Structure formats: structure tokens, C-alpha cells
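Below: one structure, written as C-alpha cells.
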Amino acid sequence: MTKKPIIGISGSIIVDSGAPFPGYHRSYVNDDYIDSVIQAGGIPFIIPFNTDKEVIKDEIAHLDGIILSGGHDVDPLNYHQEPRQKLGTTFPERDVFDFSLIKYAEEKKIPVLGICRGFQVLNAYHGGTILQDLSYADHELLRHAQPANPTTRTHSLNVNENTLFAHLFNDSQIRVNSFHHQVIDQVADDFEVGLVAPDGVVEGFQNMKSPNFEFGVQFHPEMLHRFDPNAQIIFKTLINHAKRVD
């Protein structure tokens, strides 16, 4: 009997800035991730940020797949660079947390979907690099940090033939939302690029050599899933690879 797969969503920390508990730490993920998993046929669980690797490993043991969610910039020390002037706020402890999630997911051979920061984390974990700000590119890029509603699709992506995304999407070009100031620089070895913006920015890839199924996107399909079939199919693909048979 096939049961709904349990999908863990990597959590972060938000710090209260006002009364009654200024400075108080709370675990959280944005609600769109939760609804995306439910609508795709999975059972969502928030994986709370923590620094105990044994606990993290035990958390993964209960899951059938994971989503690496968005958030802070990845610490450039993770891809052997020093911080540049336009690097945003980092959360090095969360980098360790997310890297551990990937490690234990690969050991258990459960699928991984990386979104925005999670997309960059996958790349850095496997040896790729990140451009610390759009302005550091050697040519002018599109405006990827769009001042728009989260559900507004602001720029196009080209879908590379004979890739995972060509099989998922019916069109050779799609439109997506965009909320990031960093982009992939060097793509990790063994990653196949499937989505590219008109300015050359990599926005979707699949790890072709991982022991599990790993893929990621730079945009935010969780914010589009209620009306966009292309966003929906991303989560359904994760769910299909995480199906439980008991």
C-alpha cells in the first residue's frame, strides 16, 4: 500500500524585534512551503534548526524527502572564498545544519529539492561556487531581486533540451518570480543545468551522480504553486520520488 510521503522542510530562526520578547528566537518556515507539499500529495514536517548532528540524523531517519528552503546568504568560506563588500547577512550555523541534511539524505537515499538559498547550498556542498552579488558578474544581468508581489512572474527562463526540466515542462521557455541578489557562479561537477535566464544565470539543475534524487531551482515555486502548473510539477516530482510503499 502506497502512503503519503513525509517531506521535511529545513527550518531557520527568526528573531523577535519588538515586544513582548525582543531578541527571542523562534523556529520557522514560510507557510507556502507547507501548502506546496500538501497540495502535491505529501505530509509536511518542519525540520527545526539545531546544531546536534545526531539529532539531525535521527530527524532524517523519519523522512521520505526534504526541501532545503530559502533564507540567508551562504557563508563564502563554504566555497573557499573571502567575504566581499556586497555579501548579505549569513548564518554559518545554518550552513552546517543544511550540509548535514544533505549528507544524511544522501546516506538514506531520499530525494532533495533545493529552493533559492537551498539551491545555492546544494551547489556549494558539492563543490560549486556562488557569485556573492549580481554586480560582480562580468556583464550586466537582469534585475533578479524584483520589487514585486511574490506571485508575480517577472522574467523568463529557457529550458534546456534533454534535461529533467524539459521532461517536466511543456514549454521551451517559462516565466518565474525572482527574489535573490546572489547567483550560481561555477556549477558543481556532475550537475546538469536545465534552466537558464536570458542573461546566462543558472536557475535550475539536477545532480546526475548523487545516490539519491537531487534537484533545485533559484526561483520560488512555493509562492507560485496555487496557480502555476510549472511550479506544481516541481513539488509533485519530489513527492513522486519520495513515495512510500508499506
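Some values worked out for this structure:
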item	result
Nonlocal amide H pairs with Glu203, under 5 Å, H built at 1.01 Å	Leu195, Val196, Ala197
Average accessible area per residue (Å²) across segment 4-142 - probe 1.4 Å, nucleic acids and ligands excluded	47
Per residue accessible area in Å² of segment 165-246, where ligands, DNA and RNA are left out and the probe is 1.4 Å	41
Links that overshoot a 19 Å alpha carbon limit, given the list Lys4/Lys53; Lys53/Lys103; Lys57/Lys108; Lys108/Lys209; Lys3/Lys243; Lys4/Lys236	Lys4/Lys53
Relative contact order computed over the chain (Cα-Cα under 8 Å; 6+ residues apart), in percent	22
Accessible-area order (highest first, 1.4 angstrom probe) of the listed residues His181, His139, His225	His139, His181, His225
With every protein chain in place, segment 92-246: carbon and sulfur % of accessible area (1.4 Å)	47
From the coordinates shown, Rg and Dmax of the Cα atoms in Å corresponds to which of (1) 22.8, 71; (2) 19.5, 61; (3) 17.2, 54	(3)
DSSP bridge pairs, the chain: antiparallel proportion in percent, nearest 5	60
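The values are calculated or read from the model by the stated rules, or taken from the named source; none is laboratory data. Everything quoted here is computed from the prediction, not taken from an experiment. Ligands, DNA and RNA are excluded from the accessible area calculation, which covers all protein heavy atoms including side chains. Shrake-Rupley method; radii C 1.70, N 1.55, O 1.52, S 1.80 Å.
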